[in-house]
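Participant: Questions regarding the structure given below will be posed in turn.
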């Protein structure tokens, strides 16, 4: 009886505790679930950029030659599944006469993504050529328009420059593209080398590393929806990427990457398009009219940056003779004739010039101010005024770049004043947060 009573009491106590735990889980789970789902929405397109870059493994010996320079070999990509890969368009072959060269001391793997086969090339150098939308490796026709080139070391010398990761050679509608697939942090380190200045403190480089990583994450997020074969180009149309360069061994740059690894800036749990330029010139981005602040409210900074005042390009001056300026302007207005007058036709409240009126003996022309970038030497931004006399034209301007987002020299001087990377990023990208994606 005693044991029976004890058992019933134990059973009652056990059932009560279990009921309480289940009730707590039931109440709290929806809150946890909604939070996790919101974060996952921001991160999952980036995680999904880790493509299955290998093909199935059927036996394939059709490409083996008599010297055994090319033979079948499976490629294990288990480590790839744990990485976020960036895809950078580094080159396009415009006609059948163009070829490119790769080097690797360990040889190469060729993965034919179209015909589902994998091959090993036992040579230290290969020449890649495209003829009629078919790729040729060392004159061997692979009968494929889509291949992946890799080495065991994950380092390839492409046209004399070392690159991390792999290369995808892809033809789409007679467009032959070479796309470098590499780890996110390797990409960020390369771009940081291009954007940073020698001797800048670690804290400035941490700011730049996070901005660079945020920008490319936003591009990955954006292009995951479009299903395009690459995320960015390797030029300043996006971010300047030059492969692996000597300064990758810089202790400061490496520390900036390691200490901010995986950290990005987000708005509404999505990576931001973290624009940055060299010197903002004190311009207020929130007053610009040609920026879509509805989709990027974090770029509408309403507090002026004067931290870059000490930089030489905060204010700048250009002077040309009308004859000299005429020669530059004829590149965009061939029928200009002799320049008589040039003046601003339209600018926004921020002081950004949008339209220019050019008057010459050949007529009067309205020109988009951005077109002047390509033809007028040392025109550093579109924040300028124009004056002059009968023979000369003077252009007075502010800043260097598009004047939106992070001001690099402003960040530098803020660090000298004692600010840390979190303070700086919250100033230049208002109403944002920092999150870690990897």
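Participant: Over the Cα atoms of the range 305-413, Rg to Rh with Kirkwood Rh, two decimal places? Don't skip to the end; give the middle numbers.
Facilitator: On the way: Rg = 14.7 Å, Rh = 14.6 Å.
Dividing the radius of gyration by the Kirkwood radius yields 1.01.
Participant: Right, here's the next one. With r defined as the distance between the Cβ atoms of residue 309 and residue 172 and R0 fixed at 45 Å, what FRET efficiency is calculated, to the nearest 0.05? Working shown, then result.
Facilitator: Details: r = 48 Å, r/R0 = 1.07.
Approximately 0.40, to the nearest 0.05.
Participant: Between residue 319 and residue 202, with labels modelled 7 Å along Cα→Cβ, what's the label distance in nm to one decimal, could you check?
Facilitator: Simple spin-label model gives 4.7 nm for this pair.
Participant: Test of understanding: what is the full-extension gain from residue 143 to residue 287, defined as 0.36 nm times their sequence separation minus their Cα-Cα distance?
Facilitator: Numbers: separation 144, 0.36 × 144 = 51.84 nm, distance 5.49 nm.
Full extension of this stretch gives 46.4 nm more.
Participant: Restricting to the range 277-404, what percent of DSSP beta bridges are antiparallel, rounded to 5? Write out the running numbers ahead of the final one.
Facilitator: Details: 26 of 26 bridges.
Beta bridges within the range 277-404, antiparallel portion: roughly 100 percent.
Participant: I want to check the label-to-label distance for residue 390 and residue 371. Put each point 7 Å from Cα in the C-beta direction and report it in nm to one decimal.
Facilitator: For the pair residue 390/residue 371, the computed spacing is 3.0 nm.
Participant: Assign one of three labels to the range 85-146, namely rounded, prolate or oblate, based on the Cα gyration tensor with a ≥ b ≥ c the square roots of its eigenvalues; rounded applies when a/c is under 1.5, prolate when it is not and a/b is larger than b/c, and oblate otherwise.
Facilitator: Details: a/c = 1.23, a/b = 1.19, b/c = 1.04.
Since a/c stays below 1.5, the shape of the range 85-146 is classed as rounded.
Participant: Okay, next question. Which of 329, 396, 336 has the fewest other C-beta atoms within 10 Å, and how do the rest follow up to the most? Please report the intermediate quantities before stating the final value.
Facilitator: Numbers: 329 24, 396 14, 336 21.
The fewest-first ordering by Cβ neighbours comes to 396, 336, 329.
Participant: Return, ordered by residue number, the residues of the range 148-174 whose backbone nitrogen is under 17 Å from a label point located 7 Å along Cα→Cβ of residue 127.
Facilitator: 158-160
Participant: How far, in nm, would the chain grow between residue 258 and residue 330 when pulled straight, counting 0.36 nm per residue and subtracting the alpha carbon separation? Write down the numbers at each step before the final one.
Facilitator: Values: separation 72, 0.36 × 72 = 25.92 nm, distance 4.92 nm.
Between residue 258 and residue 330, full extension yields an extra 21.0 nm.
Participant: Moving to a separate point now. How much FRET efficiency would the formula 1/(1 + (r/R0)^6) give for residue 349 and residue 114, where r is the Cβ-Cβ distance and R0 is 60 Å, rounded to 0.05? Show your work: numbers first, answer last.
Facilitator: Numbers: r = 53 Å, r/R0 = 0.89.
Efficiency at R0 = 60 Å is approximately 0.65.
Participant: Which order, highest average first, do 405-414, 253-262 follow once you tally other Cβ atoms within 10 Å for each residue and take the mean per peptide?
Facilitator: Values: 405-414: 24.9, 253-262: 17.5.
For the peptides 405-414, 253-262, the packing ranking is 405-414, 253-262.
Participant: Hey, another quick one. FRET efficiency for residue 194 and residue 268, Cβ-Cβ distance as r, R0 = 25 Å, nearest 0.05?
Facilitator: Once rounded, the FRET efficiency stands at 0.25.
Participant: Using the basic label-point model (7 angstrom from Cα toward the beta carbon), what is the residue 228 to residue 98 distance in nanometres?
Facilitator: 1.7
None of the figures in this text is laboratory data; all of them are computed from the coordinates on show. Nothing here was measured: the structure is a model prediction, and the numbers come from that model. Cβ atoms come from the backbone with ideal geometry, glycine included; neighbour counts cover every protein chain shown.
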